[in-house]
1. In 10 Å bins starting at 0, how do the alpha-carbon pair distances of segment 163-214 split up by percent?
2. Percent relative contact order of segment 430-494, based on C-alpha pairs within less than 8 angstrom and at least six residues apart?
3. Taking the Cα centroid of segment 85-128 and of segment 322-356, what is the distance between the two, rounded to the nearest whole Å?
4. May I ask for the Kirkwood hydrodynamic radius of the chain, worked out over all distinct Cα pairs and given in angstroms to one decimal?
5. With everything on Cα atoms, drop me the angle between helix 339-351 and the longest principal axis of the chain, reported from 0 to 90° to the nearest 10.
6. Taking Cα atoms, how many degrees apart are the long axis of helix 73-85 and the longest axis of the chain, rounded to 10 and kept between 0 and 90?
7. Note down the nm distance, to one decimal, between modelled labels 7 Å out along Cα→Cβ at residue 301 and at residue 36.
8. Taking every DSSP beta bridge with both residues inside segment 82-228, roughly what % is antiparallel (nearest 5)?
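Values in this text are rule-based calculations from the coordinates and carry no lab data. From a predicted model like this one, the values you see are computed outputs, not experimental measurements. Neighbour counts run over all protein chains shown; Cβ positions are idealised from the backbone, glycine included.
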Ligand code: SAM
């Protein structure tokens, strides 16, 4: 019997390929595009219908939102036009909602129909998150794609900060797919429009026109493309927007306090937006980011809770974010600690919460094929770091925004957050395995020795950064117990650092003073969580659509 679909995956797109070149949605009896001029149709109906490329000329950021990502043809056509017409300092956000996403093989097959889009579609396919539910953020230079794998109504509700300049309505035809064209949907769209937003669709059905008019759009029937008699253009008024536009104060110049993975991820998100910043680090609080190697691996939770979606999408985002130059090894063995855990791993591998190509049960271990061992020193290392202490009175006035990403230093900078701290020491041993492995602790081979991490102890009255022989012994005996081999200590300097967590182990993004933000509580998952969290905070502050849904953003902004 087939394993049930995990709750973290959307329902599949059921495609019928019996018509040459054109995938047909079996459940809707409708096509995704027509191979007979589908690209030209996209250009005429959606790009032309929204006044592109003229509409994006002159602005810093242009946002297109779409109902129905399907094969991504509309996105690829918009991206191609952007590359041909936009200025290098402009940025395009494309946000698309899709309840039944393609898997990677379906996407590849569908997009072979468009050889002229090949260079772009290859990039899309390579970063494709599969059918994992929730929000996914894909970055292609100045073009950002946010995919929302969710039913249209829920997705619109979650996109709380969306103010689109253009809307592409591309559900299947209203008769067979009424959920995509309802009055509630049109009213939610109106609430997510920038003033003067343009909207385009192929359908001129009376109910669609009425719903758009009721939502406040001015609607025009236009001559259609090819054999279709009409298409629709609509415009949202300039002087009202569906919901008040409350823009956060502009980030003019930022100071990042702490150059661990959180600080460097913030720097990366700021530099993508050409926002000037400085990073300082007083080196007083060694964090795990200073370790010789780090693991990027998923946290699994088979429920469909907002945080489960975050664990998976943050992991997929991290895999896409880290440059090849910092990857030391691919694939990590996760070794079960006991029989019950082995059963859970077997189930995980069968259910494939991340889709194909990530997990394999190999009898004794769970092989996490996509997991990475990275060199922390090489991650986002292009920024100059000043070795200074944060001096509140002096530094505050020089910057519009301050970001506190100081690891253990957060205790002194924002004591009111009452974070939890735990000490972790890592040690060196002679190799026992030929691959990176995790088992509660972890073992990573580096230059002929194995880095063994890490202890997990509450802070006491002693210096948390001192090296302790008993901790080296603990690490080695844990590895001995897991491997069943005699573990011999190897020369190499042990290292101690402090993890920062919240009581429920979820991260925290919180404003601790006017335009002072803390990004903290990443625990031992900094390398998996930081890139997405930093992108979330910076896009919120820039008034852009964020990569976290409304409920998660709320959850991460309060101490629970
Ligand atoms: N824009 C796509 C392209 O460029 O290939 C074509 C989109 S296709 C005509 C319509 C899409 O709407 C399908 O991918 C379908 O899965 C999606 N869809 C249908 N009902 C939906 C719903 N209730 N919520 C979200 N997406 C839905």
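1. Histogramming segment 163-214 at 10 Å steps yields 26, 59, 14, 0 percent.
2. 32 percent
3. 27 Å
4. Hydrodynamic radius (Kirkwood, Cα pairs) of the chain is 25.2 Å.
5. Approximately 20 degrees, to the nearest ten.
6. Tilt of helix 73-85: around 90 degrees.
7. 5.1 nm
8. Approximately 35 percent, going by the DSSP bridge assignments.
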